[in-house]
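S.K.: One structure, pasted below without further comment.
Every number here is computed from the coordinates shown, using simple stated rules; none is lab data. Every value quoted in this text rests on a predicted model; they were computed, and no experiment measured them. Cβ placement follows ideal geometry from the backbone for every residue including glycine, while neighbour counts extend to all protein chains displayed.
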Amino acid sequence: MTPDQPEPLQQIEQALRTPYWHHADFWINAAIGAAGAIIGAVGLYYAIKAFRAARAAQRAAMDAKTAADQAGRFMTMQTVAIELMGISQRLNNLDQKIRFREARFLLDEVTGKIHRFTAPFLNNPELAPSITRIHETLISTKNALSGVIPSPGEEEVEGQTYNAIQGETATLNLYVNDLLGLLEVKSHQQLAI
Amino acid sequence: MSPTELAAIKPYIDRITAETRTEQLIWTKINPTTFTWKKTTQGNLEAQLSIQKTSIQTVALQGNPPRPVTQTIDNYIFQAIEFPAASIRVNINTQLDPEARPLLKELFDAISVGADREAINFLKRIFPD
């Protein structure tokens, strides 16, 4: 600093010569910046932690849904297997003296139940062929029964209805038992998971 | 049914078939696949013959991997019932006695032709030329 300089310039020069860290402003800004960085880092940490927790929760929810679906399928298979056993027993005990009217009721009931119980598995590639065979045999049984629709005023001959449908019902029973076996295998596979 | 029994019954079935063809026996269609013929003596039902045609499905495993394949076979059931006891005196089921199938098929075809002829005669009666 030269003595002949005006005082304001001297003050500016003085200010420029002083190191910046000697200024309070610097430290205030540095402190604010550091605090911001710390807050940002903490925020990022908690954001990552929250993201991981959400992802774990999502995985847990999906696992729970899968488990629930598998349990639901298992229960459905078990229920269907029990119902198919009942149908199989009814087909097995076909009365030789069955009349047309009784046979028609039986076939309607069995057809309705089989369609209801097999509907959830129609898209299952392992079960679909067996289900298709059952449905086809139901149609041929219906056709066989149509062959003994009594003519008006005519008496039924004993055994005619049984003779007409016993072959088809035996085949139907066979295919129902095939499906029953497949469902049992799949149920055991579900249990093993 | 033993071959001896079948041989003993065959002449009667042949006679029934022949008398059906000559319209001496008129059968009644009691449903689309069953016909009956009734013999009455002094107004009382003495005997009834019935013949029924059914289709039997057989299932066999074929191919590799094995898959169930169904085949349909025509089956005939012939019964002779004695009244008033309604006891079955003759019962031939071609599912059990396949050797009787040609015999009963011939009878069933003869009855069917007769039934068709009767239906046409009926139409001719109600729509005369």
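S.K.: Specify the angular offset, from 0 to 90 degrees and rounded to the nearest 10, of the alpha carbon long axis of helix A:7-17 from the longest principal axis of the alpha carbons in chain A.
M.R.: The answer is roughly 50 degrees.
S.K.: How large is the helix-only mean residue ellipticity at 222 nm for chain A, computed as the sum of -39500 (n - 2.57) over DSSP H runs with n ≥ 4, divided by its residue count, in deg cm²/dmol to the nearest 500? Please list the in-between numbers first.
M.R.: Working: 5 runs with 151 residues, N = 193.
Mean residue ellipticity, 222 nm, calculated: -28500 deg cm²/dmol.
S.K.: Over chain A, what is the relative contact order in whole percent, taking alpha-carbon pairs under 8 Å and six or more residues apart?
M.R.: Worked out over chain A, it gives 28 percent.
S.K.: On a 0 to 90 degree scale, rounded to 10, what angle separates helix B:3-21 from the longest Cα axis of chain B?
M.R.: Taking the Cα atoms of chain B, the angle to B:3-21 is about 50 degrees.
S.K.: On to the next question. Mind ordering A:176-187, A:78-89 by average Cβ neighbours within 10 Å, highest first?
M.R.: Details: A:176-187: 18.1, A:78-89: 15.5.
Per-residue mean Cβ counts within 10 Å order the peptides as A:176-187, A:78-89.
S.K.: With angles folded into 0 to 90 degrees, how steeply does helix B:101-126 sit against the dominant principal axis of chain B? Use alpha carbons for both and round to 10.
M.R.: Once rounded, the angle reads 40 degrees.
S.K.: Longer than 28 Å from Cα to Cα, which of A:97/B:38; A:113/B:105; B:38/B:105 are they? Say none if no pair is.
M.R.: The answer is A:113/B:105.
S.K.: What is the order of A:135, A:188, fewest Cβ neighbours within 10 Å to most?
M.R.: Lowest to highest Cβ neighbour count: A:188, A:135.
S.K.: I've got another one for you. What size of dipole, in debye to the nearest 20, comes out for chain A about its Cα centre when the only charges are +1 on Lys and Arg C-beta atoms and -1 on Asp and Glu C-beta atoms?
M.R.: Roughly 280 debye for chain A.
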